[in-house]
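A short worksheet on the structure shown next.
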Amino acid sequence: MTRLWLFLSSLAPGLLVVGIRYLGEHTLAGGLTVGLALLLFPIGLLTVYSRRSIEPVPTQIDSIKDETLQIPTYLVTFILPFLFVTVDDPYNLAAYSVFMLLVILMLVRTEISIINPGLLFIGFKIFDATTREGTSVMVISKTKPRVNSTIYASPISPQTLILR
């Protein structure tokens, strides 16, 4: 459930852009979209903070890579397409619906849903780590974990940890 909330809150910037664009043409739809974006943004942050209260698990880190550089991918995928959206007929609506479905499927199948602008905004970074057992995990942390160290992190999903 946590990944779902993180995914939904990661859509907030895209929804905000679409909502602002539609405020002039369709005030009600634009306002509702902006409202939804403003609601989703803090939900992801609250989800992460609530998971930090779960008992941390010791995890030995063998290698670490900063994945925060995936932000441009996020921006191109989620924000850029919606800067120029015009849904003036059912065909455009169908095309954008198919595009969104493909993006959602991609996010569900990967850990990119953890790339969340809200988390980055408050200082968290995303790291791809390999544990001593050879397992690849995503670590959400404000500081970069050190290689060959043991971290104490709370699980968000089987492959995602948040460092206290």
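The values are calculated or read from the model by the stated rules, or taken from the named source; none is laboratory data. Just so you know, these numbers come straight off a predicted model, no measurement behind them. Every residue, glycine among them, receives a Cβ derived from its backbone with ideal geometry; neighbour counts consider all protein chains shown. Areas reflect the complete protein model, heavy atoms only, side chains present, ligands, DNA and RNA absent. Shrake-Rupley method; radii C 1.70, N 1.55, O 1.52, S 1.80 Å.
Among the listed values (i) 10, 36, 30, 15, 7, 1; (ii) 10, 34, 30, 19, 7, 1; (iii) 10, 41, 35, 12, 2, 0, the one matching P(r) over Cα pairs in 10 Å bins from 0, in percent as calculated from this structure is (i). Coupling constants for the range 40-45 follow from the phi torsions by the Karplus curve (6.51 cos²θ - 1.76 cosθ + 1.60, θ = phi - 60°), and in residue order they are 5, 3, x, 4, x, 5 Hz; glycine and proline get x. The heavy atoms of MET106 present about 80 square angstrom of accessible area, all protein chains included, probe 1.4 Å. The simple spin-label model puts a point 7 Å past each Cα toward its Cβ; for LEU69 and LEU4 those points are separated by 3.4 nm.
In a fully extended conformation the segment linking LEU46 and ASN148 would gain 33.7 nm over its present Cα-Cα distance, using 0.36 nm per residue.
The stretch between LEU101 and LEU39, if pulled fully straight at 0.36 nm per residue, gains 20.2 nm over its current Cα-Cα span. Placing unit charges on each Cβ (+1 for Lys and Arg, -1 for Asp and Glu) gives the chain a dipole about its Cα centre, and among ILE20, PHE7, LEU93 the Cα reaching farthest toward its positive end belongs to PHE7. Rounded to the nearest 20 debye, the dipole magnitude of the range 125-164 is 240 debye, with +1 charges on Lys and Arg beta carbons, -1 on Asp and Glu beta carbons, and the Cα centre as origin.
Each Lys and Arg contributes +1 and each Asp and Glu -1, all at the Cβ; summed about the Cα centre of the chain, the dipole is approximately 580 debye.
Exposure check, 1.4 Å probe, all protein chains in place: ASP88 carries approximately 120 Å² of accessible surface.
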